[in-house]
């Protein structure tokens, strides 16, 4: 859950890693009153976080993302003690914050302005969760994430009983157990009279069954939901019953995927033609394992007139299924397409790029397929794939020769996000890539784990076409310490991961 949805996050320059450096940089900005600062995964320990939040310049931030550091309880206490002026969003996910830290946050009057709090992937347990839920200072929360916090049915039931939860618009309780009591707690949540304002509900990976979901969705108060995530739950036996209860006039984004039982035959064609999903804009199906017959049934039933984003991850489409999908008129409005992990080869890419429906695509995710040089060539030269702004090609058996041809073609023009991780690009491939004038629009470039050495690093450093890159990911490449130092000097003003 994004703690600052709708806000513009800023990240410090890559050579600003310490708290004092970032504070000095913040002071140099003309205004802090509307800054949402992202200092996630900076490797900060307790002392660093405490030093950072003690600076008066920080206290005027609108939102702060400290996810993925090592804040622990002591840092949570320091955050709670800081005199925040108008902090609206706080992300402390993945920081090993426990009940003691949660209690400190709950007892902080300066956090009364918080509208969004992300505490996911922390060992809060029921003790910490209940501290947050019973806080007299956090009644302004509109978005709360308690995913993977080891909470049990007791805390969820308590949440359902609190009148203050009526303010919540977004709630994440994902990854908190696979037992009957969690399911019963979700029933209590569904029956709560205080959650009628929820617009976004994330219940992924909680071991829910068809009965729990039916109880949840049958209630009129759930019809305000615009975003529902039920991935990783065992609801495959009665997907038709689920669809029958989806009388929501508001549902725009639906996430499904049967991770526990990926090989069941699910009636996804009913989903594709449900009259209750006429306004659905985003549909995510993970581990659907449609196969050729399933893909054909799904595509022939695809009548979701508002659909603009479709994700069929690990659907076993392969080349034939991809061709069937891209020949479907239901794809006419889709601008974001995720077909990762589908065993797609060159023939499937040729079918995709030959489709007139590819002209609308702005984002295309083909991670973990088998497109190879031939598939990349089809992408590079297709007259239909010219509107892409985001292209992801991780782990697709791409070698230097394939990258050289791709870099020379105009297919890169306009692409802002380019992911080529875990291929075989090497020094020759990256040298050709960064020498391409078609790379000038790229804002995020990821080349992780590609066997790029010091020669490739120097090509990256000397490239005149990376001036607009804001994030550069070069992790897990065999650079020397000298090359790493030079890279950091060259890209000191952007986010560099090396």
Residue in the stretch 194-213 that is modelled with the highest pLDDT, counting only those that are out of contact with any strand residue (DSSP E or B) (no Cβ under 7 Å at 6 or more places or on another chain), within 15 Å of residue 225 (Cα to Cα) and assigned to a loop (DSSP other than H, G, I, E, B): 197
Criterion violated by residue 96 - all others in (1) crowded, with 19+ Cβ neighbours inside 10 Å; (2) within 17 Å of residue 46 (Cβ to Cβ); (3) out of contact with any strand residue (DSSP E or B) (no Cβ under 9 Å at 6 or more places or on another chain) satisfied: (1)
Residue 166 being in a helix (DSSP H, G or I), on the phi < 0 side of the Ramachandran plot and crowded, with 21+ Cβ neighbours inside 10 Å: no
Condition met for residue 155 (in a loop (DSSP other than H, G, I, E, B) and crowded, with 20+ Cβ neighbours inside 10 Å): no
Residue under evaluation residue 440, criteria (1) in contact (Cβ under 8 Å) with a residue 40 or more places away in the chain; (2) under 27 Å from residue 339 (Cα atoms), criterion not met: (1)
Where residue 444 falls short, out of the listed (1) buried (at least 22 other Cβ atoms within 10 Å of the Cβ); (2) more than 17 Å from residue 398 (Cα to Cα); (3) touching a strand residue (DSSP E or B) at 6+ places or on another chain (Cβ under 6 Å): (1)
Strands (runs of 3 or more DSSP E) completely within the stretch 422-498 that count 1 or more residues being over 18 Å from residue 390 (Cα atoms): 495-497
Test: residue in the stretch 35-57 that is without any contact (Cβ under 8 Å) to a residue 60 or more places away in the chain, surrounded by fewer than 22 Cβ atoms within 10 Å (Cβ to Cβ), under 14 Å from residue 110 (Cα atoms) and touching a strand residue (DSSP E or B) at 6+ places or on another chain (Cβ under 8 Å): no
Test result for residue 497, at pLDDT below 95 and surrounded by fewer than 16 Cβ atoms within 10 Å (Cβ to Cβ): yes
Members of the stretch 372-383 found to be surrounded by fewer than 16 Cβ atoms within 10 Å (Cβ to Cβ) and closer than 22 Å to residue 309 by Cα, listed by number: 383
Given (1) buried (at least 18 other Cβ atoms within 10 Å of the Cβ); (2) closer than 25 Å to residue 39 by Cα; (3) within 28 Å of the chain's Cα centre (by Cα), index of the condition residue 488 fails: (1)
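Those residues that are part of a helix (DSSP H, G or I) and either within 15 Å of residue 35 (Cα to Cα) or not assigned by TED's automatic domain parsing to the domain that holds residue 29 (or both), I need them from the stretch 54-86; list them, please.
If the condition is that a residue be part of a helix (DSSP H, G or I) and either within 15 Å of residue 35 (Cα to Cα) or not assigned by TED's automatic domain parsing to the domain that holds residue 29 (or both), then 56, 57, 58, 59, 60 are the ones that fit.
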Residues of the stretch 109-139 satisfying the condition of being over 19 Å from residue 169 (Cα atoms) and either free of Cβ contacts under 8 Å to residues at least 12 places away in the same chain or in the same structural domain as residue 38 (by TED's automatic domain parsing) (or both): 109, 110
Residue in the stretch 465-481 that is within 22 Å of residue 337 (Cβ to Cβ) and surrounded by 18 or more Cβ atoms within 10 Å (Cβ to Cβ) present: no
Residue list for the stretch 408-422, restricted to those being in contact with a helix residue (DSSP H, G or I) (Cβ under 8 Å, 6 or more places away or on another chain) and modelled with pLDDT of 95 or more: 418, 420
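The values are calculated or read from the model by the stated rules, or taken from the named source; none is laboratory data. Quick caveat: nothing in here was measured; it's all calculated off a predicted structure. Methodologically, a virtual Cβ is constructed for each residue, glycine included, from the backbone with ideal geometry; neighbour enumeration extends over all protein chains shown.
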